[in-house]
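The values are calculated or read from the model by the stated rules, or taken from the named source; none is laboratory data. As the structure is a computational prediction, the values presented were derived from the model and not from experiment. Note: ideal-geometry Cβ built from the backbone for every residue, glycine included; neighbour counts use all protein chains shown.
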Ligand code: MRU
């Protein structure tokens, strides 16, 4: 059985409560946009792709709609506020609101037709995410093997945070590449970081790796340099929450230092993310809103305060990796690109698909 972060059928949406993993597997029903906001805000579902899908799908299971177009626009803007660094939610919200508005402009439009269009659009997003992740896995694995193991040997890969089935509609992005390497029989070993302070690596990635029977080891975030120096790491591969035109990328805090350490050791550093995580309107990362998390994530362990009172805390959930540290490439469903190729590659591919 494959791991599913989201279970959806017409009229029914459920999410796997990731706060209970790996001890318990419990699906929670989401019946409204408010509930979607709450489960995303509480991090019961997380990962930029999974949260954008849950946000949009919650519209498809919500109560009867009066002014549907305004409803879609308002509710989606509301959902965007809960995880502002994750650009996929903003992109999905924009696409969906446009689809609703276009449908509503048709002369013989009915509320039911608009609603149907919104539902179909969100269902397409779910299917596309899964297809894209398979492509990312395949393209990324082939690129990585050509680069670091052209002699046919096996590779050892290090990853950070959680980018697998639990963070997407299925298969995953960076973790999908690791799965593809494993399926090809070319993965020697995977290392995953604990991912302090929220522990997505220990709680979720370790769980997925064991579930998929991939040979893997969990390490402390502070051990990545030693792992690169002494454990034969061939490549580092991580996900992305927001990639700007130049290739600078916001991802889980700790990604930036991982990229610096990889460069120091001459190890290729890859990002894996669908083109919907790329934001060509932003030239530099200065405009990315970086989400701040509560100070208790650092001062408390299991609800017990361990840090001295009055100590200041800075706890952003994401950091930005400059494009020149992304030495392996950016793996998308459209191809693997060097950061400086990204803008031209996405513009050409997307406009040739549109027929423009
Ligand atoms: O705070 P999270 O757990 O939502 O952060 C997740 C990440 O940083 C992932 O790398 C990113 O969202 C890509 S998931 C396909």
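Residue 283 passes all but one of (1) closer than 15 Å to residue 164 by Cα; (2) in a loop (DSSP other than H, G, I, E, B); which number fails?
(1)
Which residue pairs have Cβ atoms under 9 Å apart, sit 6 or more places apart or on different chains, and have a first residue in the range 77-106 that is touching a residue at least 60 places away in the same chain (Cβ under 8 Å) and a second that is more than 16 Å from the ligand (Cβ to nearest atom) and not in a helix (DSSP H, G or I)?
87/282
At pLDDT 95 or above, outside the structural domain of residue 46 (by TED's automatic domain parsing) and loosely packed, with under 15 Cβ neighbours inside 10 Å, is that true of residue 324?
yes
Among the listed residues 335, 254, 266, 247, which satisfies the condition of being free of Cβ contacts under 8 Å to residues at least 40 places away in the same chain and under 27 Å from residue 177 (Cα atoms)?
Result: 266 is the single residue among 335, 254, 266, 247 that is free of Cβ contacts under 8 Å to residues at least 40 places away in the same chain and under 27 Å from residue 177 (Cα atoms).
With respect to residue 151, is the statement that it is out of contact with any strand residue (DSSP E or B) (no Cβ under 6 Å at 6 or more places or on another chain), over 24 Å from residue 243 (Cα atoms) and not in a helix (DSSP H, G or I) true?
Taking the combined requirement at face value, the residue satisfies it.
Just wondering, is there one or more residues in the range 78-90 that are more than 16 Å from the ligand (Cβ to nearest atom), outside the structural domain of residue 161 (by TED's automatic domain parsing) and either at pLDDT 75 or above or under 30 Å from residue 200 (Cβ atoms) (or both)?
Yes, because at least one residue in the range 78-90 is more than 16 Å from the ligand (Cβ to nearest atom), outside the structural domain of residue 161 (by TED's automatic domain parsing) and either at pLDDT 75 or above or under 30 Å from residue 200 (Cβ atoms) (or both).
Within the range 57-66, identify whether any single residue is more than 15 Å from the ligand (Cβ to nearest atom) and either under 19 Å from residue 165 (Cα atoms) or at pLDDT 85 or above (or both), and answer yes or no.
Within the range 57-66 (the criterion being more than 15 Å from the ligand (Cβ to nearest atom) and either under 19 Å from residue 165 (Cα atoms) or at pLDDT 85 or above (or both)), the answer is yes, since at least one residue qualifies.
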